[in-house]
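Undergrad: Handing you this structure, nothing more for now.
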Amino acid sequence: MKVIKSTSQINYKKGKLDAHLLLALYKNMLKPRLIEEKMLILLRQGKISKWFSGIGQEAIAVGVTMAMEEDEYILPMHRNLGVFTTRGIPLYRLFAQWQGKASGFTKGRDRSFHFGTQQYKIVGMISHLGPQLGVADGIALASKLKNKNQVTAVFTGEGATSEGDFHEALNVASVWQLPVLFCVENNGYGLSTPTNEQYNCKDIADRGLGYGMESHIIDGNNIVEVYTKMCEINASVRQNPRPVLIEFKTFRMRGHEEASGTKYVPQELMDTWAAKDPILNFQAFLKEQKILSETEEVKIKETIVHEINEHLDVAFNEEAIIPDETNELNDVYKPFDYQVDNENSELKEIRFIDAISDSLKQNMERHEDLVIMGQDIAEYGGAFKITEGFINLFGKDRVRNTPICESAIVETAMGLSIAGIKSIVEMQFADFVSSGFNPIVNYLAKSFYRWQQEADVVIRMPCGGGVAAGPFHSQTNEAWFTKTPGLKVVYPAFPYDAKGLLNTAINDPNPILFFEHKGLYRSIRQEVPVDYYTLPFGKASVIKTGQDVTIISYGGAIHWALETLSNNPEISADLIDLRTLQPLDTQTIYDSVKKTGRAIMLQEDSLFGGIASDISAGIMENCFEYLDAPVKRVASIETPIPFAKQLEDQYLPKNRFEAELKALLAF
Ligand SMILES: Cc1ncc(C[n+]2csc(CCOP(=O)(O)OP(=O)(O)O)c2C)c(N)n1
């Protein structure tokens, strides 16, 4: 810190705050500033990578954090070093995190502030910015459901308020009256974009009205104002849970990140805000008030600098991580100890849809916190009536109608998981998952690998064609997810499997996409145990056994294969129902292909990039010398799925399968 001002330019109203507390606010702001000044030197020396500066914005992170209880969650962004330091994280751990070392928080797997820690009740961002806001909704929902009287604070820049996630998260928080503090740091620029190109209202706080939400504007450079107002708001929200939108006016004094500079910012603006520096002004104020002497100031700074240097030594001296492929692979999924639970109960013939409904009901009984969320699932019972009657059994707190906002609800589910609550999200149709795609593939899928935080969420996906419902109500979009490490993908074809696998999915703490072919809902019946039972993931079921060919399929297409075999009793085939696509039971596939020497895949999705392609490649790589014919994939044609029946029939592979199977046998 170079300039020392003699008089304060900010009007501090210290009210009842005592000298001890004022000094604590000062020290807590000073620490991130001095760390940053050191980081800027290290950056110039090439000793650290990218740096996002929060210089000039410290009062917000520090004031908000100090106004919260230690066990209340904070979800910071990339300029909130002050949150991490105020929560008392040992500095060497932060330095190790930034250097990609093992004593950081992500085992070198993610950079800068992209991590969370349950120990310090901090949930760090993902690069996409906006998803933080919906995750805060989930944590706050958990606090409300458990009557904890806690607040959750989440940060965002003004730039990220333009993302849909912001709108969705505020709307959900307001409709559900969740105790979230939405803290917008309005620092003038989003990278190079000034506020007038980002939004078209006077203040972001004005938006509160539209969401039916209380809002405030706070001088983000005035630590006393930030702290006292946040203490007041927090006390009131703990008593009376509700969301509050708070706009902190501040300024970004350095580049978006160090390499990007500030050439596009008028010098005048820089000078105006430099005069409002939150630390220099507060320091001058403390001196005016005789709370801080020159000697104390020097001593405080020396102590912090000493701490920084000591911890930097620790981090620099720590060995670099030695890559170990097994370690990496073992951390993609949270270990799950599958429990066999096969009660020998009475059997009852039920439809596929009843199997899903039974499983959900039995799980709501077994897991007392389990929450189901989805559009129209409460009184209306869901688009397919699967949760009909559930609110009478479990109440509206646990069977939650949601606004139409797939992203925010997936993020809310993530937040619930962070706070220790399992949840199930029903997509009204699997097609609509695209509106919640980002948090699934970037937040839920990567969170365990990044910082060992499970995403204990099942996303139910009513999917599939053959029902003349057109391009947006017929897709089977499992391939969007099978390629993303961190997700499990389950796709049953029979009521027995549907119930047992859904039970396992709900027990498993990993994020699971559970596909339910809606064409099977009311057309497929089977005898199913009335009581609860589980089935393991990664175990295909061999429905028919034979000698001449291996047929591999799943979901609705299994029933086309069965029909083909029943129409052609002379064909001797192994028919493998994969049941789960991730994990995939390659052993059963390869054993069968080695026996029959021929393999054909039947997939409802269009061909390119589907799971059939990967299975085909796997067979080539593992069973080549056993093959008597090239591996064959049969799938839908490369168009979107059409509406008119004759077009849909042409699109789907059902009618082509028999000829392809016979051609393969004749090869
Ligand atoms: C979805 C997404 N789009 C773009 C970016 C690139 N990006 C990262 S930070 C940023 C600016 C964010 O501005 P703001 O929210 O105002 O926060 P600030 O950096 O000013 O603190 C941009 C464009 C991103 N990370 N994620």
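Undergrad: Starting from the stretch 62-117, pick out the chymotrypsin sites (Phe, Trp or Tyr not before Pro) whose DSSP state is loop and whose Cβ has at most 13 other Cβ atoms within 10 Å. Show your work: numbers first, answer last.
TA: Details: sites: Tyr73, Phe84, Tyr92, Phe95, Trp98, Phe105, Phe113, Phe115; in loops: Tyr73, Phe105, Phe113, Phe115.
Of the chymotrypsin sites (Phe, Trp or Tyr not before Pro), not one in the loops of the stretch 62-117 has a Cβ with at most 13 other Cβ atoms within 10 Å.
Undergrad: Given charges of +1 on the Cβ of Lys and Arg and -1 on the Cβ of Asp and Glu, with all other atoms neutral, how large is the dipole of the stretch 366-474 about its Cα centre, in debye to the nearest 20? Display every interim value, and only then the final one.
TA: Details: 9 positive and 12 negative charges, 36 e Å.
Here the size comes out at about 180 debye.
Undergrad: If we sort 222-233, 501-512 on the protection proxy, mean other Cβ atoms within 10 Å, highest first, what's the order?
TA: Details: 222-233: 21.8, 501-512: 24.3.
Going from most to least packed, we get 501-512, 222-233.
Undergrad: About the Cα centre of the stretch 156-230, what is the dipole size in debye to 20, counting +1 per Lys and Arg Cβ and -1 per Asp and Glu Cβ, all else neutral? Please report the intermediate quantities before stating the final value.
TA: Working: 3 positive and 11 negative charges, 27 e Å.
Using Cβ point charges on Lys, Arg, Asp and Glu, the stretch 156-230 gives about 140 debye.
Undergrad: Summing -39500 (n - 2.57) over the DSSP H runs of n ≥ 4 in the chain and dividing by its residue number, what mean residue ellipticity at 222 nm do you reach, to the nearest 500 deg cm²/dmol? Don't skip to the end; give the middle numbers.
TA: Details: 24 runs with 264 residues, N = 667.
Mean residue ellipticity, 222 nm, calculated: -12000 deg cm²/dmol.
Undergrad: Between Ala259 and Thr545, how many nm apart are label points set 7 Å from Cα along the C-beta direction?
TA: About 6.0 nm, to one decimal.
Undergrad: Please name whichever of Met427, Leu280, Thr195 sits farthest to the positive end of the charge dipole of the chain, dipole taken about the Cα centre and charges placed at Cβ: Lys and Arg +1, Asp and Glu -1.
TA: Checked the options; the winner is Leu280.
Undergrad: A further question on this structure: Give the separation of the Cα centroids, the stretch 476-520 to the stretch 215-290, in Å.
TA: Between the Cα centre of the stretch 476-520 and that of the stretch 215-290, the gap is 46 Å.
Undergrad: Report the gain in length on full extension from Asn196 to Lys594: 0.36 nm times residue separation, minus Cα-Cα distance, nm rounded to one decimal.
TA: On the way: separation 398, 0.36 × 398 = 143.28 nm, distance 6.57 nm.
Gain on stretching Asn196 to Lys594: 136.7 nm.
Undergrad: Going down the table (Lys422/Lys488; Lys16/Lys121; Lys16/Lys249; Lys38/Lys301; Lys31/Lys299; Lys38/Lys101), which pairs top 22 Å between alpha carbons? Before the final figure, lay out each step's value.
TA: Working: Lys422/Lys488 16 Å; Lys16/Lys121 28 Å; Lys16/Lys249 24 Å; Lys38/Lys301 13 Å; Lys31/Lys299 13 Å; Lys38/Lys101 19 Å.
Exceeds cut-off: Lys16/Lys121; Lys16/Lys249.
Undergrad: What whole-number value in Å² describes the accessible area per residue of the chain for a 1.4 Å probe? Before the final figure, lay out each step's value.
TA: Values: 26390 Å² over 667 residues.
On a per-residue basis, 40 Å².
Undergrad: Something else now. Got a number for carbon plus sulfur as a percent of the chain's accessible area, 1.4 Å probe?
TA: On the way: 13230 of 26390 Å².
That share works out to 50 percent.
Undergrad: Nearest 5 is fine: what % of DSSP beta bridges in the stretch 90-210 come out antiparallel, could you say?
TA: Here the share of antiparallel DSSP bridges comes out near 35 percent.
Undergrad: Which of the three applies to the stretch 182-247, rounded, prolate or oblate, going by the alpha-carbon gyration tensor with a ≥ b ≥ c and a/c under 1.5 meaning rounded?
TA: Numbers: a/c = 3.00, a/b = 1.50, b/c = 2.01.
Oblate, because a/c is 1.5 or more while a/b does not exceed b/c.
Undergrad: Length gain on complete extension for the stretch Leu145 to Glu307, per 0.36 nm per residue less the alpha carbon to alpha carbon distance?
TA: Working: separation 162, 0.36 × 162 = 58.32 nm, distance 4.11 nm.
Taking 0.36 nm per residue and subtracting the Cα distance, the gain is 54.2 nm.
Undergrad: How do 128-135, 358-365, 8-15 rank on mean C-beta neighbours within 10 Å, highest first? All intermediate terms of the calculation are to be shown ahead of the outcome.
TA: Numbers: 128-135: 25.8, 358-365: 20.6, 8-15: 14.5.
Sorting 128-135, 358-365, 8-15 by mean packing, highest first, produces 128-135, 358-365, 8-15.
Undergrad: Taking the Cα centre of the chain as the origin, how large is its charge dipole in debye, to the nearest 20, when only Lys and Arg (+1) and Asp and Glu (-1) carry charge on their Cβ atoms? If you can, show how the numbers build up before the last one.
TA: Values: 68 positive and 86 negative charges, 307 e Å.
The dipole magnitude comes to about 1480 debye.
Undergrad: Could you list the trypsin sites (Lys or Arg not before Pro) in the stretch 241-327 that lie in coil according to DSSP, counting only those with at most 15 other Cβ atoms within 10 Å of their Cβ?
TA: Numbers: sites: Lys249, Arg252, Arg254, Lys263, Lys276, Lys287, Lys290, Lys299, Lys301; in loops: Arg252, Arg254, Lys263, Lys276, Lys290.
Here the sparse-neighbourhood loop sites are Lys263, Lys290.
Undergrad: I need the GluC sites (Glu not before Pro) found in the stretch 522-629, filtered to DSSP loop residues with at most 10 other beta carbons within 10 Å of theirs.
TA: Values: sites: Glu527, Glu563, Glu570, Glu604, Glu621, Glu625; in loops: Glu570.
The qualifying sites are Glu570.
The values are calculated or read from the model by the stated rules, or taken from the named source; none is laboratory data. Bear in mind the structure is a predicted one, so any value in this text is a computation, not a measurement. Virtual Cβ from ideal backbone geometry, glycine too; neighbours counted across all protein chains shown. Keep in mind that these areas ignore ligands, DNA and RNA; they rest on the heavy atoms of the full protein, side chains included. Shrake-Rupley method; radii C 1.70, N 1.55, O 1.52, S 1.80 Å.
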